Amino acid sequence: KRTFNMTGIGEILDRAEAVLGGQQPPTGSYMGWTVDQAGRVVGYSPPGATEATELEAVGAALVAKMPRMEGPQSDYDRQNYIQMAGQIGDRTVPVDQRRRALQIVRGLWAQYEGGQQGAKPAMSLDEYLKSKGQ
């Protein structure tokens, strides 16, 4: 089960990064969300709406593949992971904030993979952010 859940994570994260850094940025505001919704009423896809929809699917895939986190801060880390992974696909959040969420999710996955392979112990989200100077 763990192997299945880990399968494709790197590709999902890379895809999110490509969409967030693409030529057409995804919708990233409440006003943009409103325009996207209005476009749906008449069958029009405004610039950025398609990319935002793709990121919604990416965010959902990341939440679905959430690793089992262990340790004293596992519940805290789990909630933060769900929030960050979901934020990647939230079309009301500015693109730079979504990129930051993606960095944190990528870092959490790296810590999870390292801890599972025995290379180093897993650390909490706070410890990870401190190690990155943030």
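None of the figures in this text is laboratory data; all of them are computed from the coordinates on show. Not measured: the values here are computed from a predicted model. Ideal geometry is used to build each Cβ from the backbone, glycine not excepted, and the neighbour counts take in all protein chains shown.
Per-structure values
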{"quantity": "Extension reserve of the residue 56-residue 110 stretch, reckoned as 0.36 nm per residue once the Cα distance is removed", "calculated": "17.2 nm"}
{"quantity": "The stretch 31-103 - percent relative contact order, Cα under 8 Å, separation 6 or more", "calculated": "35 percent"}
{"quantity": "Estimated FRET transfer efficiency (residue 79, residue 17; beta-carbon r; R0 22 Å; 0.05)", "calculated": "0.40"}
{"quantity": "Gyration tensor verdict on the stretch 26-112 (Cα atoms; rounded if a/c is under 1.5, prolate if a/b is larger than b/c, oblate otherwise)", "calculated": "prolate"}
{"quantity": "Two-site label geometry, residue 100 and residue 37: point separation in nm, points 7 Å out along Cα→Cβ", "calculated": "2.5 nm"}
{"quantity": "Cleavage-rule hits (chymotrypsin sites (Phe, Trp or Tyr not before Pro)) in the stretch 3-66: DSSP loop, at most 12 neighbouring Cβ within 10 angstrom", "calculated": "44"}
